[in-house]
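Asker: Before I ask anything, let me first share the structure, which is written out below as structure tokens.
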Amino acid sequence: MADVTNPAFRMLCKKHGAALTYSEMISADAVLHGNLRTTNRGLRCKEEKPFAIQIFGNSADTIATAASMIEERYSPDIIDLNFGCPANVLVKDGSGSALLNFPEKIREIVSNVCGKVDVPVTAKVRVLYDIKKTIDIARIVEEAGASAITVHGRTQAQQYAGKAEHEYARNIKNELSIPVIANGDIVDGLSAKHVLEHTGCDALMMGRAAMGNPHVFAEITHFLHTGEQIHIDECTQRLTDFKEYVRLLELYGLEEYVDIRMHARWFTRGIKGGRHVRQGVSGTQDKEAVIRLMESLCAQFPDEATNNGFRVN
């Protein structure tokens, strides 16, 4: 996710049990033009393994060349192709989910990238209103050489509104031989268990639910293995994670690329009294000031235990 899954945040998710982490979306065109900001998004540390770098673009040749350059420079374990982003800036350029309207172009992109790199190639897609056409696209991804596919159960028009429809992933899983990963509205142990059982998919992908709450991976893993929910003081957990996040940003030299205010807002989302922190950080980029505000919040509302993402009143 752009401006979210930088190396520091990915390592925090890995610490809490994420089995596979993905880079921010990287523009194939920017890679070819040597854009420094885009290059930094692909940075990895030796502890981060396995690790996938996700690329977007609208030209099969450009994406394939960029993928080859990325493989040589960063040695990712997976190259992931984005055919799912609904952002207007990508769609109007013919990238992301816009490519779902051009199945043969998707075939060309997947095939070209598979021919250029040695690591496995995967793809992420959104769904079309027509489930048959969606399954046809998934088949094309498989036939073109992809090693796995992720299915987000919303259409491009839905953006992130409404409910993710996992019936698509279920049907695609029944049709394909490669691993299928379900994505969308997986926010806690209960929803993760439901989606796995309903779809029969091989894995789950989480995005927005982890923004500001990387501990959610530990909560879900614990629930899937034990059937029990973790009770935590959520404010203290978020504060601990935010401090570690700041430390990792400093370690990897990423502070200048991150809007600390925006990230602090994510880390206080859903916390009792969090609105006051979000208001307080609106005019500062001082990470120490943000930490002091969060410490004050946790002192004011101690032991705000949550039950796997749902507050216990």
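Asker: Kirkwood hydrodynamic radius of the stretch 174-258 from all distinct Cα pairs, in Å?
Answerer: On the way: mean 1/r = 0.0678 Å⁻¹.
Hydrodynamic radius (Kirkwood, Cα pairs) of the stretch 174-258 is 14.7 Å.
Asker: Now for a different question. No other cysteine beta carbon under 4.7 Å away is the test; run it over the chain and list who passes.
Answerer: Cys13, Cys45, Cys85, Cys114, Cys201
Asker: Then there is this: From the phi angles alone, apply the Karplus equation (6.51, -1.76, 1.60; θ = phi - 60°) to the stretch 10-27 and give each ³J(HN,Hα) in whole Hz, x where the residue is Gly or Pro.
Answerer: Result, ordered by residue: 4, 5, 5, 5, 4, 4, 8, x, 4, 7, 8, 10, 10, 5, 4, 4, 10, 6 Hz.
Asker: Karplus couplings for the stretch 104-114 from phi (6.51 cos²θ - 1.76 cosθ + 1.60, θ = phi - 60°), rounded to Hz, Gly and Pro as x?
Answerer: In residue order, the calculated couplings are 5, 6, 4, 4, 5, 5, 4, 4, 5, 5, 4 Hz.
Asker: Enter the Cα centre distance for the pair the stretch 236-278 and the stretch 76-109, rounded to the nearest angstrom.
Answerer: The stretch 236-278 and the stretch 76-109 have Cα centres separated by 31 Å.
Asker: To continue, here is another question. In debye to the nearest 20, how big a dipole does the chain give about its Cα centre with +1 on each Lys and Arg Cβ and -1 on each Asp and Glu Cβ? Kindly include the intermediate steps, with their values, before the conclusion.
Answerer: Details: 36 positive and 40 negative charges, 108 e Å.
That gives a dipole near 520 debye.
Asker: Can I ask one more? May I ask you to list the GluC sites (Glu not before Pro) in the stretch 183-270 that are in a DSSP loop and have at most 16 other Cβ atoms within 10 Å of their Cβ? It would help to have the intermediate numbers written out before the result.
Answerer: On the way: sites: Glu197, Glu219, Glu228, Glu234, Glu244, Glu250, Glu255, Glu256; in loops: Glu228.
Of the GluC sites (Glu not before Pro), the ones in loops of the stretch 183-270 whose Cβ has at most 16 other Cβ atoms within 10 Å are Glu228.
Asker: Okay, moving on. Against the longest alpha carbon principal axis of the chain, how many degrees, from 0 to 90 and to the nearest 10, is the axis of helix 216-226 turned?
Answerer: Between helix and principal axis, roughly 80 degrees.
Asker: Here is a further query. If you take every residue apart from Ala157 with its C-beta less than 15 Å away from the C-beta of Ala157, what net charge results, scoring Lys and Arg +1 and Asp and Glu -1?
Answerer: On the way: positive: Lys92, Arg126, Lys133, Arg154, Lys163; negative: Asp130, Glu165.
My count for the surroundings of Ala157 gives +3.
Asker: Report the relative contact order of the chain, percent, no decimals, based on alpha-carbon pairs under 8 angstrom and at least 6 residues apart.
Answerer: Working: 580 pairs, mean separation 40.7, N = 313.
The normalised contact order for the chain reaches 13 percent.
Asker: What is the sum of charges around Val113, taking Lys and Arg as +1, Asp and Glu as -1, for the other residues whose C-beta is under 12 Å from the C-beta of Val113?
Answerer: Values: positive: Arg107, Lys116; negative: Asp61, Glu71, Asp80, Glu108, Asp118.
Around Val113, the charge tally is -3.
Asker: Next up: According to the square roots a ≥ b ≥ c of the eigenvalues of the Cα gyration tensor, what is the shape class of the stretch 86-205, taking rounded for a/c under 1.5, prolate for a/b larger than b/c otherwise, and oblate for the remainder?
Answerer: Working: a/c = 1.77, a/b = 1.24, b/c = 1.42.
Cα axes put the stretch 86-205 in the oblate bin.
Asker: In the chain, what percentage of the DSSP-assigned beta bridges are antiparallel, given to the nearest 5? Write down the numbers at each step before the final one.
Answerer: Details: 5 of 29 bridges.
That works out to approximately 15 percent antiparallel.
Bear in mind that the values in this text are calculations on the coordinates, not laboratory data. Remember, predicted model here, so these are calculated numbers, not experimental data. Positions of Cβ are generated from backbone atoms using ideal geometry, with glycine treated the same way; all protein chains shown enter the neighbour counts.
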